[in-house]
Every structure is written in structure tokens, then in C-alpha cells.
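**Student:** Below are the C-alpha cells for one structure; questions will follow.
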Amino acid sequence: MEQNKEFTINVQLSHFANMLRKLRHEKGLTIREVADICNIRTDRLLRYETDKEVPSMQTIMTLASFYGVEVDELLKTE
């Protein structure tokens, strides 16, 4: 059962990372530009986009607001 929970979490994180990259590319921005605008370290944003680190809820809300999407859209699995 624990292994299944881990898989679900990984899928959700992968979706989050993919959404961040997709939204950034749609706006035609670099990681550095988004990081500067959202006041996030560039290396951190890169780790979020490559599924290597999970941001705080506050950072998720900041990114959702910047991209003009609901937090749910960033976090949903489908």
C-alpha cells in the first residue's frame, strides 16, 4: 500500500513540474525571468521544473497567480 502512495505522489509532482515548464514556455519566458518576477531563486525554480524539489504552498500560490491559473490546475493529476 505504501508503494502505491509513493507512486501517486510522484505522478502529481511530475505533473506539477510539467505544468510549470509548459506555462513558462507558453509565455516565452526563461527560468531566470520567471524567477526574478516571482522572487524565487533561479536554481530553485529549475529544481521545481525538473521534479527535484517541492515548493512551499506559498510559492505554489505565487506561481499560480503569476501564470494566471488556479492552484488546482498546477496540482491536479489529469
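**Student:** Among the residues of the range 51-75, what is the count of those that are modelled with pLDDT of 95 or more, crowded, with 16+ Cβ neighbours inside 10 Å and not hydroxyl-bearing (S, T, Y)?
**Tutor:** Residues meeting the conditions: 3.
**Student:** Out of the residues in the range 29-60 meeting the condition of being over 11 Å from the mean Cα position of the chain (by Cα) and hydrophobic (A, V, I, L, M, F, W, C), tell me which one is farthest from N18 (Cα to Cα). First the steps, then the outcome.
**Tutor:** The initial filter retains those residues of the range 29-60 that are over 11 Å from the mean Cα position of the chain (by Cα), namely 29-43, 58.
Those left that are additionally hydrophobic (A, V, I, L, M, F, W, C): 29, 31, 34-35, 37-38, 40.
Working: L29: 15, I31: 14, V34: 15, A35: 16, I37: 20, C38: 18, I40: 18 Å.
Out of the qualifying residues, it is I37.
**Student:** Scan the range 17-47 for residues that are under 17 Å from G68 (Cβ atoms) and charged (D, E, K, R) and report the count.
**Tutor:** Going through the range 17-47 one residue at a time, the tally reaches 6.
**Student:** Can you confirm whether L23 is part of a helix (DSSP H, G or I), surrounded by 13 or more Cβ atoms within 10 Å (Cβ to Cβ), in contact with a Phe, Trp or Tyr (Cβ under 6 Å, 6 or more places away or on another chain) and among the hydrophobic types (A, V, I, L, M, F, W, C)? Working first, answer last.
**Tutor:** Details: part of a helix (DSSP H, G or I): yes; surrounded by 13 or more Cβ atoms within 10 Å (Cβ to Cβ): yes; in contact with a Phe, Trp or Tyr (Cβ under 6 Å, 6 or more places away or on another chain): yes; among the hydrophobic types (A, V, I, L, M, F, W, C): yes.
Yes, satisfied.
**Student:** All but one of (1) without any contact (Cβ under 8 Å) to a residue 40 or more places away in the chain; (2) surrounded by 15 or more Cβ atoms within 10 Å (Cβ to Cβ); (3) farther than 17 Å from S14 by Cβ hold for Y48; which doesn't?
**Tutor:** (3)
**Student:** (1) closer than 17 Å to K76 by Cβ; (2) at pLDDT 95 or above; (3) open to solvent by 60 Å² or more (accessible area, probe 1.4 Å): which one isn't true of E33, the others all being true?
**Tutor:** (1)
The values are calculated or read from the model by the stated rules, or taken from the named source; none is laboratory data. Here the structure is a predicted model, which is why all the values come from computation and not from measurement. No Cβ is skipped: glycine too gets one built from the backbone with ideal geometry, and neighbour counts run over all protein chains shown. With ligands, DNA and RNA removed, areas are computed over all heavy atoms of the protein, side chains included. Shrake-Rupley method; radii C 1.70, N 1.55, O 1.52, S 1.80 Å.
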